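**Q** Okay, handing you the structure first.
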Amino acid sequence: MFWHRTPLTSNGPWPGTAYPLGATYDGAGTNFAVFSEVANAVELCLFDDGGDAHAIETRIRLDEVDGFVWHGYLPGIGPGQHYGYRVHGPYHPATGHRCNPAKLLIDPYAKAVSVTTIDWDESLFGYRFADPEQRNDADSAAHAPKAVVISPFFDWADDRHPHTPYHETVIYEAHVRGLTIAHPEIPPGLRGTYAGLAHPVMINYLTTLGVTAVELMPVHQFITDRSLVERGLTNYWGYNTVAFLAPHNGYAAAGTAGTRAHEVVTQFKSMVRELHAANIEVILDVVYNHTAEGNHLGPTLSMRGVDNPAYYRLVENDLRYYMDYTGTGNSLNVRHPHTLQLIMDSLRYWVLEMHVDGFRFDLASTLAREFYDVDRLSTFFDLVQQDPVISQVKLIAEPWDVGPGGYQVGNFPPLWTEWNGKYRDTVRDFWRGRPGTLGEFGYRLTGSSDLYQDDGRQPYASINFVTAHDGFTLTDLVSYNTKHNEANGEGNRDGTDDNRSWNCGVEGPTEDPEVLALRVRQQRNMLATLLLSQGVPMVLHGDELGRTQCGNNNAYCQDNEVSWVDWSSADQELFAFTSALIGMRREHPVFRRRRFFAGRPIRGGDDLRDIAWFTESGKEMTEQDWEMPVGQYLTVFLNGDGIPDPDPRGQRVTDNSFLLCFNAHYTDIDVQLPGNGYGREWAVVLDTATGQLPGSRGATTAGDAKITITGRSLVVLERVT
């Protein structure tokens, strides 16, 4: 490694400005600005030759400081320039300070990063492996990732945000690499990349399926943990961020070596533009609760060396250690104004510059911990509420963390929607035949008014899901009773044991035709429940194709066939069923109401209530029926005349009326329809036992007839007259 302190211009850098933070190219040069309250000197380090281990380093002292922001402007420096910072300041872990100019640091505002993997050389750590109390002054530049200057200029053409209303939204949780890496119709060089997701084959697939938004698992620049590297694994999910404004360069096509690292931004923007052209929104799963620097034994890559106590929550009675509400070693210090600014600036950047349509906040309860308790009135939520940009996009909370009191489903502010973990648990319990679930199942089916109505929110506050990246896939949910995570190298101790799954009689693969038929029916049951429930449905990528992870319920480190979608074995019948379900939801607003059911007669309609519940005998359910410990059947009437929301032109919305018959018992049940007061003739439009495609009309039956509902199946009837 060679370096010198000679500035690039004879008079040193121009003063530049303290805002915006980061490296900002204006067409003639680049302004550099970095915050550090504890620094007594900051050096900007520029690298030639693509920033590799043999690059020449030029150090430039930033002498301009305003409000603890160190800044300077360099004419002639532009896109592709690799850079980092060296921060001179106190190194005293006992008081929370870990500055060390021997450590090259990634700009916290970096918009591109040079490498995806690091070699975990000892120089990356602030201490000696042999003695953690001894400061490590070995230079890390040859091993550290570099930030990269990017061009802000991009031809967005006529790109626009789809602005799909929540109640019309169907979310598809997807992994950029896992969804596309094995697709045979995508060119090999594009598989597993942003360009692969934007390929016409994938666009056509998503539109045929009918989803309106892709929720991408983390695409902020992340790295693989040292412990995984030592086990020969990788951080596949990506919940290990090192740069909150940089798209992960591992998902860029044709590699990102050398000065081309900045091109990843262009590829990400192109993906968003193509998805928008197909009227598909892009939602990002973002990780603002922690970083890849880990606990006190983690590396010094960025914020730890820039200003450790400003960026991280430290243990108050021993500042050497980090508060950990995430299970990853550290938690961001959202009480500090500059850390809050970083989060807010990052969110605005992804909306304004990258054109994304919303965010899913990983372990969002962490962001609400101003002190120890989760506070729904925290500063972060106040800032989001008041921000004219961020408040206008979709905001989805994962409403829990691993700290005390972290489970906060139903407690986020009105602007927010939430991953409804209670929906997942209840639907799984109901269909695996657990008794005593009828009452809660009724709440979940109708939008979870018990969680959201009391604070003014609507059914679409509930992001409904049965499966997600964290846990079993849908196929595995009906094929395994217990997790099988041996491939993760942790002795099968990782991952939850609370799967609420049922293997239908055989653990794992089988050729038993009865077991296979039951598993298919159970998959249809849960997909149909999900897509016909009030709220916003979220489908896990590959569930519609029968994707399996062979019982692994924590495939965070499996960047291989365990996690990838296997397009060669796709279940086309299940895909057709799912697509038809989404189409049925799209065509019938009674399944996607914007307001909760009132349980009252409809004025100007058929005088029936907007919703009614019946037992198998055709009688309206009583409180005693709801509380039956063994109850596993119910019929619900959804009144198409009872939709309270006018369309954009102010016209009253009406729809056909439906009966949904749920039988979670293992035996067939003869069901009495509720009678002619609710309908004289009904047609079957969905039957999970026969595989009848949703929306296609089957046999008709009289309104007062008896019909047989197969054990463990769901039948939907549409009123004809």
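The values are calculated or read from the model by the stated rules, or taken from the named source; none is laboratory data. As the structure is a prediction and not an experimental result, all values here were calculated from the model. Quick reminder, even Gly has a Cβ in these numbers, built from the backbone with ideal geometry, and neighbours come from all protein chains shown. Quick note on the areas: whole protein, heavy atoms, side chains included, nothing else; ligands and nucleic acids left out. Shrake-Rupley method; radii C 1.70, N 1.55, O 1.52, S 1.80 Å.
**Q** Give me the percent of accessible area attributable to carbon and sulfur for the stretch 457-500, probe 1.4 angstrom. Mind showing how you got there, number by number?
**A** Details: 620 of 1470 Å².
Roughly 42 percent of what the probe reaches on the stretch 457-500 is carbon or sulfur.
**Q** Can you pull the one-decimal nm distance between simple spin-label points at Ala94 and Gln572, each 7 Å off the Cα toward Cβ?
**A** So the two model labels end up 7.1 nm from each other.
**Q** Karplus couplings for the stretch 559-565 from phi (6.51 cos²θ - 1.76 cosθ + 1.60, θ = phi - 60°), rounded to Hz, Gly and Pro as x?
**A** Those phi angles translate into 8, 6, 4, 4, 9, 6, 6 Hz.
**Q** Rounded to the nearest 0.05, what FRET efficiency do Val229 and Asp450 have when you use their Cβ-Cβ distance and R0 = 60 Å?
**A** On the way: r = 45 Å, r/R0 = 0.76.
Efficiency for this residue pair is about 0.85.
**Q** Going from most exposed to least, what order do Thr326, Thr117 have by accessible area with a 1.4 Å probe? Intermediate results must be reported in sequence, preceding the final value.
**A** Details: Thr326 15, Thr117 100 Å².
Largest accessible area first, the list is Thr117, Thr326.
**Q** If the label point is 7 Å along Cα→Cβ of Glu37, which residues in the stretch 292-311 have backbone nitrogen under 13 Å from it?
**A** Of the residues in the stretch 292-311, 307-311 have backbone N under 13 Å from the label point off Glu37.
**Q** Just check the stretch 356-451 against the gyration tensor rule for me: Cα atoms, a ≥ b ≥ c as the square roots of the eigenvalues, rounded for a/c under 1.5, and otherwise prolate or oblate depending on whether a/b exceeds b/c. Show your work: numbers first, answer last.
**A** On the way: a/c = 2.62, a/b = 1.76, b/c = 1.49.
Because a/c hits 1.5 or more and a/b exceeds b/c, the stretch 356-451 counts as prolate.
**Q** Please list, in chain and number order, the residues 5+ apart from Tyr312 or on another chain whose amide H is under 5 Å from its amide H, with Hs placed from the backbone.
**A** Those lying under 5 Å, H to H, from Tyr312 are Asn333.
**Q** Could you check how much of the accessible area of the stretch 503-639 is carbon and sulfur, as a whole percent, using a 1.4 Å probe?
**A** Values: 2720 of 5510 Å².
The nonpolar share, carbon plus sulfur, comes to 49 percent.
**Q** Follow-up. In the stretch 322-420, what percent of the accessible surface is made up of carbon and sulfur (1.4 Å probe, ligands and nucleic acids excluded)? Spell out each step's value before the answer.
**A** Numbers: 1790 of 3260 Å².
Roughly 55 percent of what the probe reaches on the stretch 322-420 is carbon or sulfur.
**Q** Do the alpha carbons of any pairs in Lys146/Lys483; Lys269/Lys422; Lys146/Lys269; Lys422/Lys619 sit beyond 32 Å of each other, and which pairs? Present the calculation step by step, with values, prior to reporting the outcome.
**A** Working: Lys146/Lys483 39 Å; Lys269/Lys422 35 Å; Lys146/Lys269 22 Å; Lys422/Lys619 28 Å.
Long pairs (Cα-Cα over 32 Å): Lys146/Lys483; Lys269/Lys422.
**Q** Of the DSSP beta bridges with both residues in the chain, give the percent that are antiparallel, rounding to the nearest 5.
**A** Working: 72 of 100 bridges.
About 70 percent, rounded to the nearest 5.
**Q** Each residue of the stretch 214-225 in turn: what ³J(HN,Hα) in whole Hz from Karplus with 6.51, -1.76, 1.60 and θ = phi - 60°, glycine and Pro shown as x?
**A** For the stretch 214-225, the Karplus curve yields 9, 9, 7, 4, x, 10, 5, 4, 9, 10, 8, 4 Hz.
**Q** Counting only heavy atoms of the protein chains, get the accessible area per residue of the chain (1.4 Å probe) and round it to a whole Å² value.
**A** On the way: 26280 Å² over 721 residues.
Here the per-residue accessible area is 36 Å².
**Q** Moving on. List the residues, sorted by chain then number, that are 5 or more residues from Tyr127 or on another chain and whose placed amide H is less than 5 Å from its amide H.
**A** Amide H neighbours of Tyr127, under 5 Å, 5+ apart: Asn136.
**Q** Let me ask something additional. Taking loop as defined by DSSP and a crowding limit of 16 other beta carbons within 10 Å, which trypsin sites (Lys or Arg not before Pro) in the stretch 135-164 fit? Please report the intermediate quantities before stating the final value.
**A** Numbers: sites: Arg135, Lys146, Arg160; in loops: Lys146, Arg160.
Taking the stretch 135-164 and a limit of 16 other Cβ atoms within 10 Å, the loop trypsin sites (Lys or Arg not before Pro) found are Arg160.
**Q** I'd like the chymotrypsin sites (Phe, Trp or Tyr not before Pro) in the stretch 632-721 restricted to DSSP loop residues with at most 13 other Cβ atoms within 10 Å, sorted by number.
**A** Values: sites: Tyr633, Phe637, Phe658, Phe662, Tyr666, Tyr678, Trp682; in loops: Tyr666, Tyr678.
Listed in order of number, the matching sites are Tyr666.
**Q** Shifting gears a bit: Report the local net charge at Asn554: Lys and Arg +1, Asp and Glu -1, summed over other residues whose C-beta lies under 12 Å from its C-beta. Intermediate values should be presented prior to the final figure.
**A** On the way: positive: Lys483, Arg493; negative: Asp470, Asp476, Glu486, Glu490, Asp494, Asp497.
It works out to a net charge of -4.
**Q** Kindly write out, for the stretch 353-360 in residue order, the coupling ³J(HN,Hα) from the Karplus curve 6.51 cos²θ - 1.76 cosθ + 1.60 (θ = phi - 60°), rounded to whole Hz, with x marking Gly and Pro.
**A** So the J values, rounded to whole Hz, are 9, 9, 6, 6, 10, x, 9, 10.
**Q** Between Arg128 and Ala278, what FRET efficiency follows from the Cβ-Cβ distance if R0 is 60 Å, with the result rounded to 0.05? Let's see the in-between values first.
**A** Numbers: r = 54 Å, r/R0 = 0.89.
Calculated transfer efficiency: 0.65.
**Q** In addition: For every helix of n ≥ 4 consecutive DSSP H residues, a contribution of -39,500 (n - 2.57) applies; sum these over the chain, divide by its total residues, and give [θ] at 222 nm rounded to the nearest 500 deg cm²/dmol.
**A** Values: 15 runs with 139 residues, N = 721.
For the chain, the value works out to -5500 deg cm²/dmol.
**Q** Taking only Cα atoms, what is the 0 to 90° angle, nearest 10, from helix 337-352's long axis to the longest principal axis of the chain?
**A** Approximately 60 degrees, to the nearest ten.
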